[in-house]
Amino acid sequence: MGPATNTFADTIYALSSGAGLAGVSVVRVSGPHADGLLTALGVSPLPEARYAALHKLRADGDITPIDQALVLRFPAPGSFTGENVAELHVHGGRAVLAALFDAIVATGLARQAEPGEFTRRAFENGKLDLTAAEGLADLVAAQTDAQRRLALRQYDGALADLYEGWRARLIDLMGYAEAEIDFSDEELPDGLKAATEAKITALNAEITQHMVGADQGEHIRSGFPIVILGAPNVGKSSILNHLAKRDAAIVSETAGTTRDVIEVQLNLGGFAVTLSDTAGIREAADAIEAEGVRRAEQRAEDAALRLVVLDATDATLPAKVRTLIAGDCLVVVNKADLLNGRYAATGLPDGIDPILVSAETGAGLEELLSRLTGYVRDRLESSEAPVPTRQRHREALVQANAALANVANAAYPELAAEDVRVALRALGRITGRVDIDEILDTVFRDFCIGK
Ligand code: GDP
C-alpha cells in the first residue's frame, strides 16, 4: 500500500448497521490494517476468509472482554471495497459500541470513516461505477417498493451497462471519424461516411428514447409530485390531512391560512408520492398572500398531477381556479355533506368527471385514494427498461445528444470527430470514466457514515 499521505491507504471503521438499540450491530473495517486491528482486539487465530467465527473482543491489555462478536474477514481484492475488510457483529447497544470504538481508536490502526467512504473506496478500486454507487445509496434510502426495485436495478448495473455499451459504439465510430481526417475520400471504402452517420443518428434516437423515461425515473426516486390547488377554504388542508392520516397542515376557518407550501410524502400502492398543499388561489389581499399564490402557481406548473379542489356549496367556479383545470388534473368536489341534492357548478369545463368527497365525514375519500393510486401506477409502472434517475444523468445525456446531432452538420472531419469526443465524454461522466474529480463529491455527498 502507498504512503500515509494517500488518504486511500489508511484503514477506516464505522458502524454499518443502523444506530440505536438493536440485537446485533455490524461494525465494518476496511484498509490495510484490518487484520492487524483484529489481532489487536484479541481475535486469535484470525478466522478463515469469508467464514464466521465467534471471538471475545478485548481492548489492548484488558482481561475483561468488551463483548462476544461474530468476526468475518474478506481479504483484498474479494471484498466490497476491494481492500482487506473485516466485519464485527457485536451486540447492539450504546455501551458495547462505545467501548469497541474506544478500543479501536486506542490501537492507532484505524480512524472513523467519512460519510460514503466505503462506497467511495469501492469505486476507486473499480468495484462499482458511479451509477451503481448511486443505486446503492438509493437502495439504502428506499422507502417504497418501486424505489427499491429501481435502486436495485441501478446497483446491478442496468444503467452502467447501457451507457458503457453506447460508449463502446462511439469509440468504434471515433475510429471512422478519425479515418476521415487521415485519409482522403478516394482512399476510404465507399459509403463509409454515410454508414457512420447512420449509426450516429441511430444512437441519437436511442438516447432520445431513453430520456423519455427520465421523468419517470426521477418521480419514482424522489416521489411523484401531486399538488392540491383551489380557492381558500374549500378544504384543501383537510383533504391532505386525511390522505396523510396525520395533522400535517393547519386546518383553520380563516380563509388564506396556508400561505406556504406544505409537503407530505405518501406511499400509494408502493409508489412514493409527494403531496403538496398550497395557498388558496384567489385575488390576493396582501403581499404575503400574493407570494403564497405565486408559489402555488409555481407548484402547479411543476406537478405531475393537479388535484383541483372545489367547494360543493359554491355555485360558480372562480375564474382563477377554472384556469387550473387543464392537463393532468383531477377535480375533487369537497363538502359533499353540505350538499342538498346534486352538485352543479356553472363554469366546470366539459368532460370533467369530478370526485365528490367530504373531508368532514370521510365520504368519497377511499374513491379519491384509489383514483390517485391508479393514476400514479399508470404513470410509473412500466417495463423494466433502465431509466435515468437523476438530474446529473439527464444533463449529461442532453449534452451527448446535442453533440451527436451536430456530427452530420460538421463542416470538417476534425469537427465531427470532436463532436463524437464530446458525446463520449458526457456519457463517461455518468459512469465516472472521465472528469472524476469534479463529480465525485456530488455523488458521495448524499451518503451517510458506514456506507
Ligand atoms: P383550505 O383553506 O382549502 O385548506 O381549507 P381547510 O381544510 O382549512 O378547511 C376550511 C374549513 O372548511 C374548515 O373549517 C374545515 O373544517 C371545513 N371543511 C373542510 N372540509 C369540509 C367538508 O367536507 N365538509 C364540511 N362541512 N366542512 C369542511
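Computed quantities for the displayed model
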| quantity | calculated |
| --- | --- |
| Every residue from region 329-343 that is touching a residue at least 24 places away in the same chain (Cβ under 8 Å), more than 10 Å from the ligand (Cβ to nearest atom) and either more than 37 Å from the chain's Cα centre (by Cα) or over 15 Å from residue 363 (Cβ atoms) (or both) | 329, 330, 331, 343 |
| Residues that are surrounded by fewer than 19 Cβ atoms within 10 Å (Cβ to Cβ) and over 14 Å from residue 355 (Cα atoms), drawn from region 319-338 | 319, 320, 322, 323, 326, 327, 328, 338 |
| Those helices (runs of 4 or more DSSP H) lying entirely in region 204-315 with at least 1 residues at pLDDT below 90, over 20 Å from residue 367 (Cβ atoms) and within 15 Å of the ligand (Cβ to nearest atom) | 287-302 |
| Residue in region 281-298 that is of a type outside the set (A, V, I, L, M, F, W, C) and touching a strand residue (DSSP E or B) at 6+ places or on another chain (Cβ under 8 Å) present | no |
| Test: residue in region 119-141 that is surrounded by 16 or more Cβ atoms within 10 Å (Cβ to Cβ), over 29 Å from the mean Cα position of the chain (by Cα) and either closer than 30 Å to residue 216 by Cα or not basic (Lys, Arg) (or both) | no |
| Any hit, region 183-200, residues being at pLDDT 90 or above, surrounded by fewer than 19 Cβ atoms within 10 Å (Cβ to Cβ), away from the ligand (no atom under 16 Å from the Cβ) and not basic (Lys, Arg) | yes |
| Residue that is nearest to the chain's Cα centre (by Cα) [pool: residues in region 316-328 that are more than 16 Å from the ligand (Cβ to nearest atom), assigned to a loop (DSSP other than H, G, I, E, B) and modelled with pLDDT under 90] | 327 |
| Selection within region 355-387 - surrounded by fewer than 16 Cβ atoms within 10 Å (Cβ to Cβ), part of a loop (DSSP other than H, G, I, E, B) and within 16 Å of the ligand (Cβ to nearest atom) | 360, 361, 362, 363 |
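The values are calculated or read from the model by the stated rules, or taken from the named source; none is laboratory data. This one's a predicted model, so the numbers in the text were calculated from it and none came from an experiment. Every residue, glycine among them, receives a Cβ derived from its backbone with ideal geometry; neighbour counts consider all protein chains shown.
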